[in-house]
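Have a look at the structure below, then the notes.
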Amino acid sequence: MRIARSSVPLLACAAAAAVALVPAAASAAPPAPVPSLDVERYLGVWHQLAAIPAPFSLDCAGDTTATYTLDDAGDVGVYNRCRTWSGGTAEIRGTATVTDPVTNAQLHVSFPGVPGQDQRTGAPNYIVTALGPDYSWAVVTDPSRLSGFVLSRTPAVDAATWNDIDAAIVAAGQNTCIYLTTPTTGGRSDITPLCAR
């Protein structure tokens, strides 16, 4: 299903609404990371099934993926890619550095040339707050809870897994209504708040 270009203003409004819905969470303690992240198991391709709208992703119409690889320095190479509203491809490469060696689940992600995100070192801005027991899905946010991503190894998950994901989002101190589904070939074709899924 092709998403109409007119959805972009809707996404922009949703992004503004998401920011308005979470000011209390922004002043709370950061969300807890999972107790232990096996970075080697976390590598590979992840499909974004839902996310909190953000300005950097408004060009993305769907088929958003993140591919993680181990680089020569022992950090994680990041390759994000999506299908744009015009049918093209948008992509960006960066690096994720573990900032919490106790859990390995808090990382600092940087993207060269992106203002405010171009420093390779820094405070964590990527926290894995939930993982499927078989590393089949993950929920990721940041210390302020203003960003959020539902990632899966497959483009679709079953209803029981969605229920586990919803519970994980709430456990991280977020509202499922601020997450919008991401259209994915082989998965959902709509853009819907998770709370209305």
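The values are calculated or read from the model by the stated rules, or taken from the named source; none is laboratory data. None of the values given here were measured: they were computed from a predicted structure. Here Cβ is always computed from backbone atoms with ideal geometry, including for glycine, and neighbour counts include all displayed protein chains. Ligands, DNA and RNA are excluded from the accessible area calculation, which covers all protein heavy atoms including side chains. Shrake-Rupley method; radii C 1.70, N 1.55, O 1.52, S 1.80 Å.
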- Query: So if R0 is 30 Å, what FRET efficiency would Val39 and Val170 give, r being the distance between their Cβ atoms, rounded to the nearest 0.05?
  - Reply: 0.70
- Once amide H atoms are built 1.01 Å from N in the peptide plane, which residues 5 or more positions from Thr64, or in another chain, come under 5 Å H to H? Gln48, Arg83
- Query: With every protein chain left in place, what is the accessible area of Cys195 in Å² (1.4 Å probe, nearest 10)?
  - Reply: 70
- Item | Environment charge of His108, counting only residues whose C-beta is closer than 15 Å and scoring Lys/Arg +1, Asp/Glu -1 | -4
- Note on the structure: Highest mean packing first, using Cβ neighbours within 10 angstrom, the peptides 143-151, 105-113, 68-76 sort as 143-151, 105-113, 68-76
- Task: Subtracting the Cα-Cα distance from 0.36 nm times the residue separation, let me have the gained length for Leu70 to Arg93 in nm, one decimal.
- Result: 7.0 nm
- Classify the stretch 68-160 as rounded, prolate or oblate, taking a ≥ b ≥ c as the square roots of the eigenvalues of its Cα gyration tensor: rounded when a/c is under 1.5, otherwise prolate if a/b is larger than b/c and oblate if not. oblate
- Message: Not counting ligands, DNA or RNA, and with a 1.4 Å probe, what is Tyr79's accessible surface area in Å² rounded to the nearest 10?
- Response: 50
- Label Ala196 and Cys177 with points 7 Å out from Cα along Cα→Cβ: what is the distance between them in nm? 1.1
- So what is log10(I(q)/I(0)) for the chain at q = 0.09 1/Å, when the Debye sum runs over its Cα atoms only? -0.30
- Message: Roughly how far apart, in whole Å, are the Cα centres of the stretch 28-43 and the stretch 116-179?
- Response: 10
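Once the Cα gyration tensor of the stretch 62-114 is diagonalised, what are the square roots of 5 times its eigenvalues, in whole Å and ordered largest first, as equivalent ellipsoid semi-axes?
Equivalent ellipsoid of the stretch 62-114: 25, 11, 9 Å, largest first.
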